[in-house]
Structure formats: C-alpha cells, structure tokens
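Here's the structure, in structure tokens; my notes come after.
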Amino acid sequence: MDKEAFLHQLESSAINKDKRLFAKTIYNLPADVIVGFTKEEFSRIIYISHQFSSQKMDRLCNFLEIKGSSFLKNALKGINELNNSLLSKFYYSIFISLCETDKEKVKIALGNNAIVCIMLAEMGVDSKENLEIAICSCRTAQEIFPKTSVNYISVLTNEGNARVRLAEMGIASREHLETAIHLYGLSQKIFPKTSVDYARVLINESNARKMLAEMGIASRENLETAVNLCGIVQKIFSKTSTDYACALINEGSARKTLAEMGFDSRENLKTAIYLYGLSQEIFPEKSIDHARVLMNEGNARELLAKMGVDSRANLETVVHLCETSSEIFPKTGVDYARALMNKGNALKSLAEMDFDSKINLETAIHLYELSQEIFPKTSTDYACALMNEGNARVLLAKMGIGSRVNLETAIHLCETAHEISPKTSVDYARALMNEGNARVLLAKMNVDSHENFERSQKLYLESISIFEELGDGWTYSLALLNLSSLLKNKFFKTGDKKYLEELEIYLSDVEEKIRDRNIRYKEFVMARVHEIRANLLEFEGKSGIYSASREYDKAYEFSRYPFHKFMDEFCQARNGIKSFCELVSDWKEIEKEYIFLDYYDYAIFECHLENALKSTVNEEDELKLAVEKLKEIRDRTQIKIIKDRVSAYIHLLQALVDCFNNDSYKEAAENVKEGCKIFSKHGDKQGQQMCEIFHNAVVKKRDPDAWQEIIRNREFSSNFYNLLCEYSDRKRADMESYKLSQIYQTVNRTEKIVDQLQETLNQEFAEIKDQIIIGFKGSDSEFREIKKMIISIQQDFEYLTQVSNKSSNEEEEAIKIFMVKMLEMIKNGDPEKLSLFLEDIIKNEHFLEEIIEKSKASEREKANAKSKLADLKKMPGILKEKMKSFSVDVTKEVIVSLTAGEIITLLTPVLSTAAFGVPIPSKVVEMLLEVMKDS
C-alpha cells in the first residue's frame, strides 16, 4: 500500500467510523511509507486515531505496543537508529491516542515515547516539537506512576534531559535548565546514594549546571558544583567502567569551561587534558567513545592554543586528534561530521596565525562542505558548519582571493544559518553578526555600498540586543566592536561626525546596562568600551588624545592587558609629552603580538621620523629605515585592501627618500604616481589629498627639503595612523584568540626559546623522576599518581618561568630562586623543611594578604591569590587523605613530592601576582631561605 492509498483508506475509516477498516489499514502499512510521512500527515493520522479511542480495540493496541517496543529496542542498540526511532514513535503515538483513557495501560508507553522523541530530537528531526512531546509525555506519566517507583524516577530524569536539550537549542534556556536541575534533585532523593543510577543523575545535573554557567548564571558556583558532583560520581563507579570514564570526561568539560571563563585557566585545562587522557585508557581504542574523548581533548588544546600556550603545536595536535577520531567514526554519522568541522576550525586558526593560510583555509572550507552533507539540514550543527565556512571565506576574501564571490557566498551561508537557529539564541545572533561583517567588506569594495552598510548596521544592532539579553559578554563586545568599526568607516567616507556621536551613544548605553550586571567576561566588555571610546577621542585633536590616554588607562584597570598600558603612553607620545623613541625604548623588552606589535612598529616608524628631523648626518638612512618598518607592517597583514593602501604610503615615503638624490626625481615622481593610483582605486579620500601634497612638493617644485615640511606638519603620519586604526579594528574582530589571551590571561604566554634556567629545570626534573623510580615499591596506580604530581610541578614551573620574564628584576629573580630551591628540597627528600616552610607561609598569611590587597591587581586576581593562600591551611588534611591511598612502604621522596606539589599548585597563582607589580615572590623566598639556611 502506497502513502496516498493508505491516507485515503484511513480517511474513509474515519468518515464511516469503521474501526475494522482503521485497524486493517494500520496492520498493512509498510515501514517505508511510515518513515516518509510529513509532519502534517502524521498529525492527521493521530487525529483520526483519536476518534477511535472510545472503542474497544485490544488486539490493535497490543500490536501497536509490541511494535513500538520492538523498534525502540533496535534503535537503542544502534541499529538503523533514525528509521527505527521514527517507526517506534509512530506506533507508540497511535497506541497512546487510542488508549489515553486507560492510564495504567498507557503509562509505560508514555515513558518510552518520551525516550524515542528525545532520540529523534538529538538526530535533528523536528527537535523542538519532539522535545516538547517528550516533556508532555513525562509529565503525564509522573501523575500515574507511584512516587517512589523506578519508572517515576525514569520519567523525572527523561523530562530533565528533554529540557536540557531545549536549553541547548536556546529555547527558554534558563527556565528549562533550572527545572531540569530541580527534577534531577527529586530523582536523587529516591535513589540509594551509592547506586549507579544515583551517580548517573548527578552527571546529568552537572551537565545542566555547566550550561547555566555558560549563560553567565552563577558561573563559578555552578561549574565548581559540577566538578564536585563528578568527583562524587567517580567514587561510586568502578575505576575501569565506562561510567567512570564518562564522569572523568564531564569533570574535564566543566574544568574546560572554568578555564574559558578565566578561573585558574591553565591549571583547569591541564587537569581537563589529564582527565581526558585517563578516560582514553578505559575506552577500547577503536570505540566511538574513545574517539569522542579524543575530540574533547582537541577542544581543550584548541583553548590552550588561543591562550598563546604552544599555539602551533597544540593546533597541530588538534588536527591529528580529529583525523584519528574521523577514522573511527562511521562515515555517515554526526560524530564524523563534527570531527571534520573541528579539524576545519583548527586549520582556520592556523591560517589566522599565518601558517599556510591559503591552503589551510581552502582545506577547512572543503571539510565544512563535507560536514554539511552529513548534518541534518535543520540542526544547529549544520548551522554552525555554514557559519564556519562563511568565516573561512571571509578570511580568503580579505586576502584578496575571490573576494566578491567569497563574500557573497558567506552572506548566503549566514542567511541560511539564521533561518535554522532560534531567534533568541547566541547562534542566531552570531549569524547576524557574521553576515554584517561580510556586508561591510562588500561595501568597502564599492559593491552596493549604501545598501550593504545600512543592512550591516541593522544586523549588528539586532545581534547586540540579543547578546545583551543573554548576558554573553564576549560576543556582545565583539558585536559592539564591529558596529564601532562600521560607524568609524562611515565617518571616514563622509567626514560627518554624527556617526562618531552615534557610536558614543551606543557605548554609554552599553556601559549603563552592564555596569551592575553579572555577565560573562564583564571585565573584558568594560575594557573594550573604554578602548573604543579612546579610539573615538583620538579624532578630537590634542585634548581628545589626552582623554584617549585616560580611557586606555581605565581599560588597563579592567583588563590588565599590557597593550592598553602601552596605548596610554602611545597617546602621550602623540601629544608630545614623551618622544616615540622613548616609548620604543621603554617597551622594547615586552613581548608583543597581533595589533600590539603593529602599534609598536608604528611607534618605531615615528621614532625614525623624529630622528630624521633632528639629524644632520643620517636623515636619508632614517627615512629608509622608516620605509622598511612600513614594509614590515604591510607584509604582516593579509587584508588586501589594507595591504594595498600601506603600499601606497610606502610609495609616497620612498618618493621623499628619492629627493635626497638629484638623479632620482624621475623615480620620485613615479612613486608618487603609483601611490596615487592605489588611493584612487580604493576611494581613499585622505590618501588622495596626501597625493596632492606630495605631487606639488616633489614632482612640481622638486624641493629637496620637501620631506621636512611634510613630516613636520604630521599630515602623512596622521593619515597613515588612521589607516592603522582601521586595520586594527578589523584585526581585533577577526582574532578569536583575542578572547582568552586578553581577557583573563594576565600574563602573556607567548612561545619563546627555552632559556638556560628552563634547561636547568628540565634536567633537575629528569633526575627527580629517576630518583623516585629507583626506590619506588608501590603499585602501578600509585606510580601514576606520583608521575602526575611531578608533571604538574613541572608545568607550574614552566608557567612561573614565563611570569618571571614579565616581572620586575627583583621579583623575577625571586621566582627563579623559589623554583630552584623547591627542586633542591624535593631532590634532598626533606619533608621537615617543607613542613616548616608551609607553617611559615600560613603564619604570615595576613601579612601577604595585605600586600596583595594594596596592589594594582584586579579584584579577580586579588581574590584568587588570597583564596589560594587560605587553602594552604587545609594542606595537612589534604596530604593526610592523599597518603591514605598509598602503601605504607612508600619512600620519603614520594611524601616530599606530594607535599611540594600541593604547595606549588597553591602558591603559583599567588606568585603570579608579580606580573602586576606585587612584591610577593621576594617575601615568599625570604621565608624559604630562612628555613633552608641550615642546609
């Protein structure tokens, strides 16, 4: 029987109230027809079946229940999941419709139908509708089952699970998550506290709390609760069970989110990767679960890369992990598609770091396209793959590769993505913002400029309103930055200051809205507001530049990002309060990257111009050096429209260099001509005005001293600086790595060559490991625990090495002494001296707290450091508990390693305050040396 014949026969049975014909029609229905029903046809079938609910149809009901159960079992076994789930839902739905008045008969089917609907939703099939049916089924079943029965707990839990899925889709997320946590809490009261089922409900609650935290709702509290719940679960499950492995994974995920929010980021990511590694040892190597853990590890490593920690190595590891996972996953499954997409993301990040950019972006686009062929076309994963492809195409367009085609394709992809995502979700707002970005670039290429500018402004404003409502500070600030860039571009094109005034209104509105709100990345948003305002004030002449300096200082108070401090002094140099050469000298030793490096190089360029004006011997050499510095800035950018215009300024400046040689006026004129052609091509009015000045001075008058007048009146520098500002706006918006490296990482962890100290530390650690191995008599698990602690100490020391390079000379030396002396104590196996050192720290806690409180560190860093100091009091108890898990004959080296490891873990955040000028390391080292003086 085909679909049309079935529907006709079913309608006929309803019209004639013929229950036998109705039953016969259902019995004879082929599976391929059932899975082909549209939503409307399915709804009509259920409506017709409802008309027979008052009639006795026991044989049909038994048939429906058996069929529903059989297909559900197959789906749960992973056999043709989609078709079996659709068939199960069909039979259960008709069964429930026919038997709705018999509560006892229908209660099991209600619970099973909820499970089927949740499975279909997870496969992207009418997700919202299926989850709402699941919730309704569970709530009805809860009224029927006894309140202490296993089935009652099951429907409580499944309702919670369905609500979590709806929250993941951005639908009334807070309400659904808080209700889910309440339902999980009710389940926990019924289950025995040592049962596996109890542990599984704790895992569900931890996931829901993690999601609430990601929305900015009691973030730290919810995440730390999630970590604690996972810890309880790990004590219940067998250490070799897959459930135990899942608990490790969930704790890792919660820690990864804590890291994203800036809470002990390095430590939490390090622990997350370790937990993922433990779980990988439990799952069979070729299993789906093993592959999924590899993906989780990849996500954590990608975050480390974005923080600037071994960025290239971590991203290349992510690529390898995704490739390994994709070899395990079925080639038609969602997991495989996610592995492709994640590999694409890692390649895109490598491209943004200028590693094989064109090849990596084109490969990423191919991977996104492959993943789109697999994801259900209505799923959020599909929308995400569309947006990722769009972002990669925008990056190619900025490199001048198929710019118009890539941008127009990106816009189409974003438009498709925001048709899929719920209208109040972060994903929807991101799609709007990404479309706006692509339209701005098209407008700058003079493609429907007015229309694209206007449309992009509306898109940015709509996305900002959604991000503000959701309390997602990072994306909120990114959308604000994009709007800022757009309005400034309108100002550059028209010279109309109303666009700058409009932007100031938006900034004030943002500041007012979030000042007293608890949103994610609040400090970053506030820093961004002050940074954008500073950029605006720079258009207001000397008084504006002075005010901009103050705004950068305020930004630094929130972010503690050295770039903001540099820009404060940079503005002072622009106002003549200090020279650019002084600025360059003062910041020479500070590591710089991205826009920080660009502005620093611009300061070097200005320094060369300063030297040229005051020099009588090497003016030509200084101008040549200035040209070379502009070339460095040009060569670093992959944004073609910016690259071209920097080239134009290089031509003009080279023309001034040519003026030093009477035989080179022809070359000078040619350079002016080339520069003017570029400015004209890109519609750069300021550049074209600059060309006129150069043409008159260099080409017409052939004045050998023309360069002095041009440089003194600052117009050349001013115009080039405006171009640099435009470039930096674009670069900020492009850099996803800006998220972590500037918000919460108070120390710039850039990759650098390992110095002599690091080599010494590595050698010492190798000796300590050998020392422990030789005398160790414990079990394999005890050995793994000790090895983990040694690795942890080594990683903490690597971090402190980098912190020391950002501290004052005295504190830098103190950190190095601390590391060397602690290693010496571990090697000597001296638990007594370690205990004395710990006692001294605890005794001086209030003294150290006062130093921290008086410092200029942010409130968050102060609170974190003081919290770790307070935790040192718990050390004796912690160590006592840890030692219980070891054999009685463990060596003293083990005891020392455990003690030292705990001390170092807690003291690392305290010592890190040296990066903000807090003289803590020197005080700690005084205590350490006092304890060791008799050694």
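Name the residue, out of PHE570, PHE566, PHE558, that is of a type in the set (A, V, I, L, M, F, W, C), in contact (Cβ under 8 Å) with a residue 40 or more places away in the chain and not assigned by TED's automatic domain parsing to the domain that holds GLN686.
One residue alone meets the criteria, PHE558.
Hey, can you tell me all the residues within region 567-596 that are of a type in the set (Val, Ile, Thr) and in a helix (DSSP H, G or I)?
VAL584, ILE595
Search region 604-629 for residues being at pLDDT below 80 and farther than 18 Å from SER579 by Cα, and hand back the single one that is nearest to the chain's Cα centre (by Cα).
Taking the candidates together, the pick is GLU620.
Just to check your reading of the model, which residue among GLU569, GLU632 is within 20 Å of GLU538 (Cβ to Cβ), acidic (Asp, Glu) and within 33 Å of the chain's Cα centre (by Cα)?
GLU569
Please work out which one of (1) surrounded by fewer than 22 Cβ atoms within 10 Å (Cβ to Cβ); (2) touching a helix residue (DSSP H, G or I) at 6+ places or on another chain (Cβ under 7 Å) is the condition SER549 fails and give its number.
Unmet for SER549, out of (1) surrounded by fewer than 22 Cβ atoms within 10 Å (Cβ to Cβ); (2) touching a helix residue (DSSP H, G or I) at 6+ places or on another chain (Cβ under 7 Å): (1).
Among the residues in region 282-302, are any surrounded by fewer than 21 Cβ atoms within 10 Å (Cβ to Cβ), without any contact (Cβ under 8 Å) to a residue 12 or more places away in the chain and under 27 Å from GLN234 (Cβ atoms)?
yes
Restricting attention to region 208-230, and to residues there that are surrounded by fewer than 20 Cβ atoms within 10 Å (Cβ to Cβ) and polar (S, T, N, Q), which single residue is nearest to ASN161 (Cα to Cα)?
THR225
Can you pull out every residue in region 196-218 that is at pLDDT 90 or above and small (Gly, Ala, Ser)?
Within region 196-218, ALA199, SER206, ALA208 qualify.
Confirm whether ASN204 is under 16 Å from HIS182 (Cα atoms), without any contact (Cβ under 8 Å) to a residue 24 or more places away in the chain and surrounded by 19 or more Cβ atoms within 10 Å (Cβ to Cβ).
no
Starting from region 363-383, take each residue that is more than 17 Å from CYS414 (Cβ to Cβ) and list its partners that are of a type in the set (A, V, I, L, M) and outside any loop (DSSP other than H, G, I, E, B), counting only C-beta distances under 7 angstrom and pairs at least six apart or across chains.
THR363/LEU347; LEU367/LEU340; LEU367/MET341; LEU370/LEU340; ILE374/VAL334; ILE374/ALA337
Tally up the residues in region 536-552 that are modelled with pLDDT of 85 or more and among the aromatic types (Phe, Trp, Tyr), please.
Final tally of qualifying residues: 2.
What is the residue count in region 429-446 for residues that are outside any helix (DSSP H, G or I) and in contact with a helix residue (DSSP H, G or I) (Cβ under 7 Å, 6 or more places away or on another chain)?
Within region 429-446, residues that are outside any helix (DSSP H, G or I) and in contact with a helix residue (DSSP H, G or I) (Cβ under 7 Å, 6 or more places away or on another chain) number 1.
Which helices (runs of 4 or more DSSP H) sit wholly inside region 101-220 and have at least 3 residues that are within 25 Å of the chain's Cα centre (by Cα) and within 30 Å of ILE374 (Cα to Cα)?
150-168, 173-190, 196-214
Mind checking whether some residue in region 832-844 is modelled with pLDDT under 70 and not in a helix (DSSP H, G or I)?
No, region 832-844 contains no residue that is modelled with pLDDT under 70 and not in a helix (DSSP H, G or I).
Give the residues of region 47-60 that are exposed (fewer than 14 other Cβ atoms within 10 Å of the Cβ) and in a helix (DSSP H, G or I), sorted by residue number.
If the condition is that a residue be exposed (fewer than 14 other Cβ atoms within 10 Å of the Cβ) and in a helix (DSSP H, G or I), then TYR47, ASP58, ARG59 are the ones that fit.
Here's the yes/no breakdown for (1) assigned to a loop (DSSP other than H, G, I, E, B); (2) in contact with an Asp or Glu (Cβ under 7 Å, 6 or more places away or on another chain); (3) surrounded by fewer than 23 Cβ atoms within 10 Å (Cβ to Cβ):
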| residue | (1), (2), (3) |
| --- | --- |
| LEU483 | no, no, no |
| ASP496 | yes, no, yes |
| ASN535 | no, no, yes |
| LYS554 | no, no, yes |
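When you scan region 447-461, do you find a residue that is within 21 Å of the chain's Cα centre (by Cα) and not in a loop (DSSP other than H, G, I, E, B), even just one?
yes
Tell me which residues, restricted to region 371-395, are of a type in the set (Ser, Thr, Tyr) and not in a helix (DSSP H, G or I).
Residues satisfying the conditions are THR378, SER379.
Taking SER253 as the residue in question, decide whether it is modelled with pLDDT of 90 or more and surrounded by fewer than 24 Cβ atoms within 10 Å (Cβ to Cβ).
The answer is yes for SER253.
The values are calculated or read from the model by the stated rules, or taken from the named source; none is laboratory data. Bear in mind the structure is a predicted one, so any value in this text is a computation, not a measurement. Because the Cβ atoms are built from the backbone with ideal geometry, glycine has one as well, and the counts that use them run over all protein chains shown.
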